[in-house]
Amino acid sequence: FKGGDTCEYLLSSGRFLGEKVWQPHSCMMHKYKNSEAKNCLIDKHIVFIGDSRIRQLFYSFIKLINPQVKEEGNKHGNIPFEDKSASIKVDFLWYPEVNGSMKQRIKSWTEGSVAKPHIIVVGAATWSIKIHNGSNEALTQYKINITSIAPLLEKLAKSSDVYWVLQDPVYEDMLSDSRKMITNEKIDAYNEAAVRILNSSSRNSKAKVKVFSVSKLIAQETIMKSADGLHLPESSRDTNAMILMNVYCNKIMKPIDGSCCQPQPPLTLIQKLAFCFFTLSIIGYLIINLIHRNNFRKNKSCTDLESGEEKKPAISTPNVSTLEMLLHSFCKLGLIMTYFYLCDRANLFMKENKFYTHSSFFIPIVYILVLGVFYTENTKETKVLNREQTDEWKGWMQLVILIYHISGASTFLPVYMHIRVLVAAYLFQTGYGHFSYFWIKGDFGVYRVCQVLFRLNFLVVVLCIVMDRPYQFYYFVPLVTVWFMIIYATLAVWPQIVQKKANGNCLWHFGLLLKLICLLTCIYFLSYSQGAFEKIFSFWPLSKCFELNGNVYEWWFRWKLDRYVVFHGMLFAFIYLALQKRQMISEGKGDPLFSSRVSNVLLFISVVSFLTYSIWASSCKNKTECNELHPSVSVVQILAFILIRNIPGYVRSVYSSFFAWFGKISLELFICQYHIWLAADTKGILVLIPGYPMFNVLVSTFIFVCVAHEISQITNDLAQIVVPKDNSTLLKRLLCVAGFFSGLLLFSAMQDQSRH
């Protein structure tokens, strides 16, 4: 740990990921759009002073503000640029040598009431080498001149951002005869002089001239692609301009995926209260544990000398054990949340940008598939979508999604479309599982609802508090929560139609189908009426849960993307359970689901459908158009997979215990990845061990999986305590939960007010 000044890393070190993606050491760069650059630089004056290389940087910088700018005008003269819409002024001042003229210009900003530029970028040396034919006298004069200018730059650095751009290396073989004297040896000597002299009088001051040395590293990799051996190729210039924009704008705009130069966010009131709560839980657990140990020693069983029988110690009251279990769970959770905070909110661990290659996605996929097949076992039951099979399905899908996220594969459209099907398959299971439970059990009690809601939302609520993120940020949990409530409302509303009732009268089946048709109609209406959808979820306090960046558009987009698949899951469950009840399918061990002929035909149709969808997804050219079709066609591949997996008796009778293990903690894996596997809220990758990418992934993955498993156990333990089966006790707990969320909303409102 070298401290939290990631600006220094951004300006001085890094490496290329691939050919064009620059990765600063330890932090992440944000790719600024034109609108973001304008918002950051509004009412600002930026000045570039130097030679043709600085002019190149000037043009790359202003193209971030206005991409339509062309490199025109007098190359050996001053070039002004102004964006009147944002009141931004950017000037290039032609001073190819560090001399008296440059000094006078800089001095004019330090004297009197002349408006100082907000950003000053300076650099020059190659002209001095060229004009004086690389003489040592020219280097001596350069040192004298820069020594006289340095105090002025340091004075300006107290009120402006001042950057000295070191000279990039040249590609000597490509230099023209008139530039042959510009050698890398000479350039290194000039750079060394600049670094030694700048800030020499203000080494202990916070106001310093920032040395822009990263350009040298970039040039070392790309200068051979230069057109003349002296000037950088356009992609390298653009990278330098983007680094400059990150250095200045990240602390203003605070982009999620731009961790460089961002200070650690201050703790909010809610975070401070959470810290106090977890601290008290840890202290409370330690005290109770010490008391129990002392009692155990006092009451330790001893042998009765007369009878030879063992005396049993007094049994502690169940209330104490429940309290201890509660404090133990919160104690572990507090330590885990500390790790979350250190990983993704404190500037302790490094973060890096994602970089997609086909091998980084497909090789791990092949590896986990081989592992999954290796751990094959027989299922306890051979029903369609039995528990082991659904756990296995969730497990391998979750592992694929994790690899998709860490490899940055969302940039590759065919992979993106297939991952969309996996997310849809999760929601399909939501519809299938909850419908099956309510249809078979007929249990619409409050206990069942509270248990499901607690298990789904507990971790996310804690993370919203600790990580200071809105509920909608963890979009998948709100999605499955809302769909669970929709399924519950559809089946619980009068008339309640369950399997037991429908078996007595077939007309009830039509009643249930009528309910499903009404649900489909509502889904269709809301998906094409954004205004009505936003009105529903814009009412307070729903708006606090579903707003992201001040509106509910993101929530509407996420909901709309898989709007029909939960309905498809419910309909599939209804049809399957009806066929099962009438014994129209065979679910014996090793038996095909249907007769041989029907099974073969369905298998053929399923394989063709599965491959057809994959071909269509792989041929997608436009993400928006494919997303429009996705809600209607994703069910094709899901149903095809279910039939392929369940029609052959042998395939239905085995499962992968490897995938099933991960399936049991799939929700925790999906949520935990945001902060302790990925970084910057999924935009980057957490780096625990710098310099060893593979080893880093292995270590961070091991910790991440262990933490997810531990949180799953904590959630299960707390669910037994917080959601009791006794209705009167449950009602009291619900009142406590309502009070907790009311307090949370109050503190949240206070936080928002203080921020504004």
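Miscellaneous remarks
- Evaluating His405 against the criteria (1) within 28 Å of Lys351 (Cα to Cα); (2) open to solvent by less than 20 Å² (accessible area, probe 1.4 Å) leaves one unmet condition, (2).
- For the stretch 674-688, the condition of being part of a helix (DSSP H, G or I), assigned by the TED database to the domain that holds Val460 and out of contact with any Asp or Glu (no Cβ under 8 Å at 6 or more places or on another chain) holds for none of the residues.
- Picking from residues in the stretch 173-184 that are of a type outside the set (Asp, Glu) and either in a helix (DSSP H, G or I) or touching a helix residue (DSSP H, G or I) at 6+ places or on another chain (Cβ under 7 Å) (or both), the one that is surrounded by the most Cβ atoms within 10 Å (Cβ to Cβ) is Ile182.
- If you go through the stretch 239-258 and pick out every residue that is open to solvent by 20 Å² or more (accessible area, probe 1.4 Å) and farther than 14 Å from Ile218 by Cβ, you end up with 7.
- Counting the residues of the stretch 512-551 that are in contact (Cβ under 8 Å) with a residue 60 or more places away in the chain and of a type in the set (Val, Ile, Thr) gives 0.
Residues are listed down the side, and each one gets a yes or a no for (1) touching a Lys or Arg at 6+ places or on another chain (Cβ under 7 Å); (2) surrounded by 16 or more Cβ atoms within 10 Å (Cβ to Cβ); (3) at pLDDT below 90:
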| position | (1), (2), (3) |
| --- | --- |
| Ser656 | no, yes, no |
| Phe662 | no, yes, no |
| Phe695 | no, no, no |
| Gln713 | no, no, no |
| Leu730 | no, yes, no |
| Gln751 | no, no, yes |
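- Selected residue (criterion: farthest from the chain's Cα centre (by Cα)) from residues of the stretch 110-139 that are β-branched (Val, Ile, Thr) and either closer than 27 Å to Lys44 by Cα or crowded, with 16+ Cβ neighbours inside 10 Å (or both): Ile129
- Sole exception among (1) closer than 29 Å to Met28 by Cα; (2) modelled with pLDDT under 95 for Val705, by number: (2)
- Condition check for Tyr142: in a helix (DSSP H, G or I), buried (at least 18 other Cβ atoms within 10 Å of the Cβ) and under 45 Å from the mean Cα position of the chain (by Cα): no
- Applying the criterion of being open to solvent by 30 Å² or more (accessible area, probe 1.4 Å) and not acidic (Asp, Glu) to the residues of the stretch 153-172, the residue that is nearest to Asn184 (Cα to Cα) is Tyr171.
- Failed item, numbered, when Asp468 is tested on (1) open to solvent by 10 Å² or more (accessible area, probe 1.4 Å); (2) more than 23 Å from Phe572 (Cβ to Cβ); (3) modelled with pLDDT of 95 or more: (3)
Here is a yes/no grid of residues against (1) in the same structural domain as Gln23 (by the TED database); (2) among the hydrophobic types (A, V, I, L, M, F, W, C); (3) over 25 Å from Phe610 (Cα atoms):
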| residue | (1), (2), (3) |
| --- | --- |
| Tyr367 | no, no, no |
| Val373 | no, yes, no |
| Gln389 | no, no, no |
| Glu392 | no, no, no |
| Ala424 | no, yes, no |
| Gly433 | no, no, no |
| Tyr437 | no, no, yes |
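- Selection status of Asn199, farther than 30 Å from Cys331 by Cβ, outside any helix (DSSP H, G or I) and not hydrophobic (A, V, I, L, M, F, W, C): yes
- Test: residue in the stretch 278-292 that is more than 21 Å from the chain's Cα centre (by Cα), modelled with pLDDT of 90 or more, more than 30 Å from Val122 (Cβ to Cβ) and of a type in the set (Phe, Trp, Tyr): yes
- Filtered residue count, the stretch 471-497, keeping only those that are out of contact with any Lys or Arg (no Cβ under 8 Å at 6 or more places or on another chain), open to solvent by 30 Å² or more (accessible area, probe 1.4 Å) and part of a helix (DSSP H, G or I): 5
Condition check ((1) open to solvent by 30 Å² or more (accessible area, probe 1.4 Å); (2) among the small types (Gly, Ala, Ser)) across all residues:
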position: Leu333; (1), (2): no, no
position: Phe340; (1), (2): no, no
position: Ser360; (1), (2): yes, yes
position: Pro364; (1), (2): yes, no
position: Val370; (1), (2): yes, no
position: Phe374; (1), (2): yes, no
position: Thr379; (1), (2): no, no
position: Gln389; (1), (2): no, no
position: Val400; (1), (2): no, no
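- Condition met for Val635 (of a type in the set (A, V, I, L, M, F, W, C) and either open to solvent by 70 Å² or more (accessible area, probe 1.4 Å) or closer than 23 Å to Leu577 by Cα (or both)): yes
- In summary, strands (runs of 3 or more DSSP E) completely within the stretch 1-92 and bearing 1 or more residues that are more than 23 Å from Pro693 (Cβ to Cβ) occur at 45-50, 79-83.
- The condition of being open to solvent by less than 30 Å² (accessible area, probe 1.4 Å), touching a residue at least 40 places away in the same chain (Cβ under 8 Å), in a helix (DSSP H, G or I) and among the aromatic types (Phe, Trp, Tyr) holds for Phe435.
- Every residue from the stretch 592-608 that is surrounded by fewer than 12 Cβ atoms within 10 Å (Cβ to Cβ) and over 43 Å from the mean Cα position of the chain (by Cα): Ser595, Ser596, Arg597
Yes or no, residue by residue, for (1) touching a residue at least 60 places away in the same chain (Cβ under 8 Å); (2) closer than 16 Å to Gly569 by Cα; (3) out of contact with any helix residue (DSSP H, G or I) (no Cβ under 7 Å at 6 or more places or on another chain):
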| residue | (1), (2), (3) |
| --- | --- |
| Thr390 | yes, yes, no |
| Leu402 | yes, no, no |
| His405 | yes, no, no |
| Ala409 | no, no, no |
| Leu422 | no, yes, no |
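- Residue tally, condition under 39 Å from the mean Cα position of the chain (by Cα) and either buried (at least 19 other Cβ atoms within 10 Å of the Cβ) or without any contact (Cβ under 8 Å) to a residue 40 or more places away in the chain (or both), over the stretch 90-109: 2
- All conditions but one from (1) of a type in the set (Phe, Trp, Tyr); (2) modelled with pLDDT of 95 or more; (3) open to solvent by 70 Å² or more (accessible area, probe 1.4 Å) apply to Phe670; the one that does not is (3).
- Candidates in the stretch 532-563 are the residues that are of a type outside the set (A, V, I, L, M, F, W, C) and within 23 Å of Cys626 (Cα to Cα); of these, the one that is surrounded by the fewest Cβ atoms within 10 Å (Cβ to Cβ) is Tyr553.
The values are calculated or read from the model by the stated rules, or taken from the named source; none is laboratory data. Every value quoted in this text rests on a predicted model; they were computed, and no experiment measured them. Backbone-built Cβ (ideal geometry, glycine too); neighbour counts: all protein chains shown. Protein only, heavy atoms only, side chains kept; ligands, DNA and RNA dropped before computing areas. Shrake-Rupley method; radii C 1.70, N 1.55, O 1.52, S 1.80 Å.
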